[in-house]
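The structure under discussion appears below in the form of structure tokens.
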Amino acid sequence: MADKTYPKKIYHWIEDREIESSPGDFIPKINPADGRLLSQITRGNEKDVDNAVSQAEKKLTEWKNTPIISRANILRQASILLQKKRDEIAQIVHLETGKSVKDALAETDGAAELGFFYAGEGRRFYGKVTSSAMPDRSAMIIRKPVGVCALIIPFNTPIANVAWKSFPSLLCGNTVILKASSDTPYTPVWFAKILKEAGLPEGIFSVLQGKGVEVGNALLEDERINLVSFTGSEETGRLIAQKVSSRFVKLSLELGGKNPFVVCDDADLDKASDFAISSAFSNAGQRCASASRIVVFSSIYEKFKKMLIEKAKNLKVGISDSDNLGPVINEKQLNKILTALQQAKKEGVKILIGGYRLTEGKFKKGFFISPTILENVTVKSDIYDCELFGPVTSLHKVRDFKEAVALANNSSYGLTSAIHTNNNNRIQEFIKNIQAGVVSVNGPTYGSEPHLPFGGVKQSGNGTREPGIEALDFYSDMQTVYVKHDPSAV
Ligand code: NAD
């Protein structure tokens with residue numbers, strides 16, 4: 001799909017149709033690779049929210065009563081279509097985000113795998129059968145749909161983000177309203193069309209476009225919404241939590257990270273530096289799991305620093321398959337990162353490599369930042385615990401293992417973490433003491449899989465997990481059932 005075949009106007013998806021907002025305002029969608037207008041997005045309002053929620057509410061009984069295996073079969077069919085049409089969606093993701101087609105294809109394949117995983121769960125939708133203290137009474141726990149779900153997603157891995165929330169929520173028998181990110185507006189609409197083609201009945205899955213503060217707020221205020229699943233920044237997550245707290249809505253918050261990547265003195269430095277580079281800079285650092293604090297033992301610090309700088313120098317910036325990282329998503333994000341770097345410099349932070357916008361030639365109008373490594377970031381620096389969500393990481397020198405773990409834990413976040421060492425005692429102690437939802441030993445901070453729960457502790461979330469079977473607990477209500485019988489009455 002060339003630029004010209006990306007839709008020039010992007011609409012809501014309600015009642016299985018693309019619908020424009022009334023009175024017809026639009027928000028521009030800019031291509032981050034060249035700064036040009038890619039499309040215009042219909043700007044949603046309360047009326048659109050009301051329309052989508054009404055549909056979702058109306059269709060709830062039908063979808064709830066559809067046998068779960070039939071629901072799963074539709075999701076399986078959607079996953080097959082995702083695979084068949086992988087080139088099409090990868091082009092859309094490529095245009096919306098500026099990531100390479102190769103990376104967008106990998107993301108699409110991951111989204112399809114996730115769909116297959118949940119389709120399989122349709123045949124394993126286990127509850128529990130347990131004992132009862134009362135004679136002649138059986139006890140069990142079954143899962144029921146929660147109701148109408150509002151799914152709010154970020155921009156960074158658009159088709160994966162859509163898949164992570166849509167597949168489990170639909171499998172569990174809920175109807176869904178997905179609020180698209182204005183940075184990646186067409187991906188969920190394309191996905192909605194795939195669901196329709198796969199046989200999903202009308203009105204069960206809707207997509208709303210528009211600004212978070214407008215359409216997002218209206219969605220959260222609608223009392224017919226029974227569940228909110230949000231992935232995005234800590235700041236927005238906090239607003240959402242406040243907004244829905246008085247209604248006791250079921251809420252999942254998957255938020256940011258400032259993830260430590262620890263390199264011990266006995267690590268394989270070549271492998272560790274390869275993983276540190278890919279963990280920090282893939283997807284232009286726009287990953288909640290990105291390695292944004294690299295914590296290195298002092299005895300190998302200078303050697304490791306040299307290796308890291310050399311490898312960072314070899315990274316290729318651009319949007320083709322031979323490049324390693326693309327642009328950041330929009331101009332606001334670009335300026336936020338550059339301002340934070342300027343401020344950090346004033347505070348004495350040293351920029352070892354990068355630290356600037358690329359403006360020459362093919363980069364001229366795009367939002368490209370040169371891969372950046374910082375040094376002398378102290379725990380008091382503003383930038384230390386601030387999630388930049390860009391191609392920026394910082395190096396931190398520590399004396400020993402104890403200091404490494406203490407620094408790794410010195411963050412308000414606790415999403416992912418990594419340690420590189422060949423010492424099993426260090427590995428075990430790290431697993432035991434690190435405050436993070438995910439630990440990677442001798443590997444990268446990325447690579448989550450459909451059957452494994454992902455999520456964080458501290459300010460990285462509210463304790464829920466997606467995907468895996470753990471997500472099914474969130475998207476279902478548990479019902480405890482007691483059945484008493486009378487043996488004398490047979
Ligand atoms: P964001 O918080 O700016 O936006 C996320 C979504 O929330 C968007 O769809 C946006 O329109 C919507 N939104 C904004 N304000 C809203 C409001 N007041 N009410 C309702 N909805 C509102 O985040 P982003 O910039 O799109 O994504 C980057 C963030 O996402 C980073 O912090 C990153 O760490 C986080 N993230 C977390 C995970 C995870 O699994 N923990 C995964 C990916 C991204």
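The values are calculated or read from the model by the stated rules, or taken from the named source; none is laboratory data. All figures in this text were calculated on a predicted structure; none of them were measured in a lab. Don't worry about glycine lacking a Cβ; one is built from the backbone with ideal geometry, like all the others, and counts go over all protein chains shown. Only protein heavy atoms, including side chains, enter the accessible area calculation; ligands, DNA and RNA are left aside. Shrake-Rupley method; radii C 1.70, N 1.55, O 1.52, S 1.80 Å.
What to note about this one:
- Scanning region 360-374 for residues that are open to solvent by less than 70 Å² (accessible area, probe 1.4 Å) and either touching a Ser or Thr at 6+ places or on another chain (Cβ under 7 Å) or closer than 23 Å to Glu96 by Cα (or both) yields Gly361, Phe363, Gly366, Phe367, Phe368, Ile369, Ser370, Pro371, Ile373, Leu374.
- Of all residues in region 291-323 being touching a helix residue (DSSP H, G or I) at 6+ places or on another chain (Cβ under 6 Å) and not aliphatic (A, V, I, L, M), the one that is nearest to Asn409 (Cα to Cα): Phe304
- Hey, Asp109 out of contact with any Asp or Glu (no Cβ under 9 Å at 6 or more places or on another chain), more than 24 Å from Glu15 (Cβ to Cβ), surrounded by fewer than 22 Cβ atoms within 10 Å (Cβ to Cβ) and among the acidic types (Asp, Glu) or not: yes
- Filtering region 216-231 to residues that are open to solvent by less than 10 Å² (accessible area, probe 1.4 Å), more than 9 Å from the ligand (Cβ to nearest atom) and under 10 Å from Val49 (Cα atoms) leaves nothing.
- Those residues of region 151-183 which are of a type in the set (A, V, I, L, M) and more than 10 Å from the ligand (Cβ to nearest atom), in sequence order: Ile159, Val162, Ala163, Leu170, Leu171, Val176, Ile177
- Check on Tyr446, within 16 Å of the ligand (Cβ to nearest atom) and out of contact with any Gly (no Cβ under 6 Å at 6 or more places or on another chain): yes
- Residue check for Leu269: more than 10 Å from the ligand (Cβ to nearest atom), out of contact with any Gly (no Cβ under 9 Å at 6 or more places or on another chain) and farther than 24 Å from Pro453 by Cα: yes
- Selection of region 418-442 for residues being part of a loop (DSSP other than H, G, I, E, B) and more than 23 Å from Leu255 (Cβ to Cβ) yields Thr421, Asn422, Asn423, Asn442.
- Test result for Glu202, acidic (Asp, Glu) and either without any contact (Cβ under 8 Å) to a residue 60 or more places away in the chain or over 23 Å from Glu57 (Cβ atoms) (or both): no
- Matching entry among Pro145, Pro135, Pro201 (being in contact with a Cys (Cβ under 9 Å, 6 or more places away or on another chain), open to solvent by 10 Å² or more (accessible area, probe 1.4 Å) and more than 9 Å from the ligand (Cβ to nearest atom)): Pro145
- Region 456-480, subset open to solvent by 30 Å² or more (accessible area, probe 1.4 Å) and assigned to a strand (DSSP E or B), residue nearest to Ser411 (Cα to Cα): Lys458
- Identity of the residue in region 328-362, within 15 Å of Ser394 (Cβ to Cβ) and either among the small types (Gly, Ala, Ser) or outside the structural domain of Glu302 (by TED's automatic domain parsing) (or both), that ends up farthest from the ligand (Cβ to nearest atom): Gly348
- Qualifying residue in region 206-215 (condition: open to solvent by less than 10 Å² (accessible area, probe 1.4 Å), out of contact with any Gly (no Cβ under 9 Å at 6 or more places or on another chain) and not aliphatic (A, V, I, L, M)): yes
- Residue count, region 240-257 (criterion: under 17 Å from Glu387 (Cα atoms) and either within 7 Å of the ligand (Cβ to nearest atom) or open to solvent by 60 Å² or more (accessible area, probe 1.4 Å) (or both)): 4
- Against the list (1) crowded, with 20+ Cβ neighbours inside 10 Å; (2) without any contact (Cβ under 8 Å) to a residue 40 or more places away in the chain; (3) of a type in the set (Ser, Thr, Tyr), the condition Thr445 fails is (2).
- Ser488 vs. criteria open to solvent by 10 Å² or more (accessible area, probe 1.4 Å), within 23 Å of the chain's Cα centre (by Cα) and among the hydroxyl-bearing types (Ser, Thr, Tyr): no
- Residue match in region 395-411 (condition: of a type in the set (A, V, I, L, M), open to solvent by 50 Å² or more (accessible area, probe 1.4 Å), more than 13 Å from the ligand (Cβ to nearest atom) and not assigned by TED's automatic domain parsing to the domain that holds Met134): yes
- Yes/no for Lys271 being charged (D, E, K, R), in a helix (DSSP H, G or I) and buried (at least 18 other Cβ atoms within 10 Å of the Cβ): no
- Evaluation of Glu387 against (1) among the acidic types (Asp, Glu); (2) within 15 Å of the ligand (Cβ to nearest atom); (3) loosely packed, with under 15 Cβ neighbours inside 10 Å (one fails), failing number: (3)
- Residue match in region 83-95 (condition: open to solvent by less than 50 Å² (accessible area, probe 1.4 Å) and under 29 Å from Ile69 (Cβ atoms)): yes
- Residue in region 293-310 that is outside any loop (DSSP other than H, G, I, E, B), touching a residue at least 40 places away in the same chain (Cβ under 8 Å) and in contact with a Gly (Cβ under 7 Å, 6 or more places away or on another chain) present: no
Table: residues versus (1) of a type outside the set (A, V, I, L, M, F, W, C); (2) under 19 Å from Val148 (Cα atoms); (3) open to solvent by 60 Å² or more (accessible area, probe 1.4 Å).
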{"position": "Ala33", "(1), (2), (3)": "no, no, no"}
{"position": "Ser39", "(1), (2), (3)": "yes, no, no"}
{"position": "Arg43", "(1), (2), (3)": "yes, no, yes"}
{"position": "Val49", "(1), (2), (3)": "no, yes, no"}
{"position": "Ser54", "(1), (2), (3)": "yes, yes, no"}
{"position": "Leu60", "(1), (2), (3)": "no, yes, no"}
{"position": "Ser70", "(1), (2), (3)": "yes, no, no"}
{"position": "Arg76", "(1), (2), (3)": "yes, no, yes"}
